[in-house]
Structure formats: structure tokens, C-alpha cells
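The values are calculated or read from the model by the stated rules, or taken from the named source; none is laboratory data. The model shown is predicted, which means the values in this text are computed figures rather than measured ones. Backbone-built Cβ (ideal geometry, glycine too); neighbour counts: all protein chains shown. In case anyone asks, the SASA skips ligands and DNA or RNA and just uses the protein heavy atoms, side chains included. Shrake-Rupley method; radii C 1.70, N 1.55, O 1.52, S 1.80 Å.
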Amino acid sequence: MNISAPILNNLFEAPVVRRLREDLALALRAAAHHGLAEGVCNHFSVALPDEEHFLLNPRGLLWSEVSADDIVIVDTEGNKIAGRHEVEPTAMFIHAAIHRIARKQCVLHTHMPYATALTLTSARTLDTTLSQNAMRFHGRVAVDASYNGLALDSAEGERIANAMNGADVAFLANHGVVVCGERVDHAYDDLYYLERACAAQVIALSTGLELRPVDEALAAKVAGQVQSERLQSELFFEALRRQLP
């Protein structure tokens, strides 16, 4: 994409874009703080208001060290158009496809331990009728049951995006998870509580005792209750903003 340097600079420094860069960088640092990061792998992204570009964390930085100025701008085909760092190929293919095909605003992809552990099981996913934290995801989860190696081409990214089938959360077999939302703070809150729910399930399974799920109707009710209380998500994110450098 051929865009002049002044236009790129104006886009990068626009107030709404700066705020989104700050939020995305905070989400990355929070994920590192909560033990959800893995080396310099995995990526968070958020679409810009023009829906033709999205923000993405760069290649080679620990999540704990990412600042707003490190975030890069990428177009919907996965080409970097602004920023001082390069981007990792699998990020371009996975995130570009999910933004373009699934039309998600914020896309968080991790290999966080407990959620990834469940992708290795025959069920491949979280049981959303177990813990209260799990119930918030009832009816919001898809499973991509096929693992095809690293996403190093557009076809694999598009396959993952289509497998999501509009869901907010996707468990990727033998791989990790994708959590999506309309806002960075809401998506991060879901990411955090998804790992808490997965941890509770893995720990419960380790006891060898019989698990006692609730009925589907109650799980659906709890999911609706959580969606109606999104102020809690916003307050959590602002608390993280106060606490994390």
C-alpha cells in the first residue's frame, strides 16, 4: 500500500489511534503480569475506526516491555504500513484474516497454559457448564479441531478465521486460543477469566473426582448476566492501568 509518510504519521498520532495503542500495549503488559505470555510469541490486535487498518504488537519484544510507541499499524492484507518495528508472519496471517473475515474489532491470541492444556484433550475446549467463570462463555465458544502447523500462509489464517464461525472465543486444537471483543478492555477481561476458568477445570480434573456441571439453561443465564455487567470489565482494565507501568 503506497501511503505518504505525512499521512501515515498523522494516522499513527491521531488521538483515537494513540488511545488504542495505549490500550493495546496495556493489555499486553497485563497479560505478561498475569502469566499469559509465551516468550516473544503471540499477538494482540485491534481494528482502527477506518476498518482498513489494525494495530498489532511488533516482532521480538516481550509483552512486558511493549509501550504505545512500539505498536505498529498493519493493513487488512497484513502489510505493515507504520511503526518502528517489524511484525511476525504468523501474526499477519492469523490476525489479518480474523479482522477481515470474522469482522472482529479486537483479537487476542495466546498460548496461555491452562487454556492450551484443554486444546490437547479429546474435548479440545472448556466445559462452559462447570465453574461460574466458565459459564460467562456459554454459547460464545467455537472449536477449531484441525491443527495444520504454523500459520505461515494466508490460507491457514483464513481457515482459522472461518472455523471461528462468529464466536468470540476459539480453542485451536494443539495450539492455543483466540479471544475477541468489540473493545480492548472487554476482550482482555474475557481473556483473563477464560484462563481462570480453564485453570479451575484442569485442577478439578486432576482430583480424579466426578465433576458436577450445571444445566444448560443456568449456564446461559449466567452468560447473559456477565454480558450485562461489562462495567466490571472496564473497571478491571482501569485498575490495571493504575497498577502497571
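Under a point-charge model restricted to the Cβ atoms of Lys and Arg (+1) and Asp and Glu (-1), what is the dipole moment magnitude of region 167-245 relative to its Cα centre, in debye to the nearest 20? Walk me through the numbers on the way to the answer.
Working: 7 positive and 12 negative charges, 39 e Å.
Charge dipole of region 167-245: 180 debye, to the nearest 20.
Rounding to the nearest 20 debye, state how big the charge dipole of the chain is about its Cα centre with +1 on each Lys and Arg Cβ and -1 on each Asp and Glu Cβ.
Values: 21 positive and 31 negative charges, 64 e Å.
In debye, rounded to 20, the chain gives about 300.
State the Kirkwood hydrodynamic radius of region 37-109 in Å, one decimal place, computed from all pairs of distinct Cα atoms. Mind showing how you got there, number by number?
Details: mean 1/r = 0.0839 Å⁻¹.
Across region 37-109, the inverse of the average 1/r is 11.9 Å.
If R0 is 25 Å, what FRET efficiency do you get for residue 67 and residue 145 from their C-beta distance, rounded to 0.05?
On the way: r = 38 Å, r/R0 = 1.50.
Between residue 67 and residue 145 the formula returns 0.10.
Classify region 12-137: rounded, prolate or oblate, from the alpha-carbon gyration tensor (a ≥ b ≥ c, eigenvalue square roots; a/c under 1.5 rounded; otherwise prolate if a/b is larger than b/c)?
In terms of gyration-tensor shape, prolate.
What's the ranking of 195-207, 93-105, 109-121 by average number of surrounding C-beta atoms within 10 Å, highest first? The partial results should precede the final answer.
Numbers: 195-207: 17.2, 93-105: 22.8, 109-121: 19.5.
For the peptides 195-207, 93-105, 109-121, the packing ranking is 93-105, 109-121, 195-207.
Between residue 203 and residue 40, what FRET efficiency follows from the Cβ-Cβ distance if R0 is 30 Å, with the result rounded to 0.05? Intermediate values should be presented prior to the final figure.
Values: r = 29 Å, r/R0 = 0.95.
FRET efficiency, residue 203 to residue 40: 0.55.
Defining a contact as two alpha carbons under 8 Å apart and six or more residues distant in sequence, what relative contact order in percent does the chain show?
On the way: 445 pairs, mean separation 47.8, N = 245.
It rounds to 20 percent for the chain.
Output the 0 to 90 degree angle, nearest 10, between the alpha-carbon long axis of helix 15-33 and the longest principal axis computed from the alpha carbons of the chain.
Around 40 degrees separate the two axes.
Using 10 Å bins from zero, what percent of all Cα-Cα pairs in region 118-245 falls into each bin?
Pair shares across the bins are 12, 39, 33, 15, 1.
Let me check I've understood the local charge: for residue 97, count other residues with C-beta under 14 angstrom from its C-beta, Lys and Arg +1, Asp and Glu -1. What total comes out?
-2
Determine, for each peptide in 143-150, 19-26, the mean count of other beta carbons within 10 angstrom over its residues, then list the peptides with the highest first. Please report the intermediate quantities before stating the final value.
Values: 143-150: 14.4, 19-26: 20.8.
The densest-packed peptide leads the list: 19-26, 143-150.
Find which of 171, 143, 220 sits farthest along the positive direction of the dipole of the chain, computed with +1 on the beta-carbon of Lys and Arg, -1 on that of Asp and Glu, about the Cα centre.
The residue sitting farthest along the positive end of the dipole is 220.
In whole percent, how big is the carbon plus sulfur part of the accessible area of the chain, probe 1.4 Å, protein atoms only?
On the way: 5890 of 11280 Å².
It is 52 percent, rounded to a whole number.
With no solvent and one equal point scatterer placed on each C-alpha of the chain, evaluate the Debye formula and give log10 I(q)/I(0) for q = 0.08, 0.14 Å⁻¹, two decimals.
-0.29, -0.89
Can you give the FRET efficiency to the nearest 0.05 for residue 215 and residue 124, using r as the Cβ-Cβ distance and R₀ = 22 Å? Can you show the working numbers first?
Values: r = 22 Å, r/R0 = 1.01.
The calculated FRET efficiency here is 0.50.
Ignoring ligands, DNA and RNA, what accessible area per residue does the chain give at 1.4 Å, in Å²?
Details: 11280 Å² over 245 residues.
Heavy-atom accessible area per residue stands at 46 Å².
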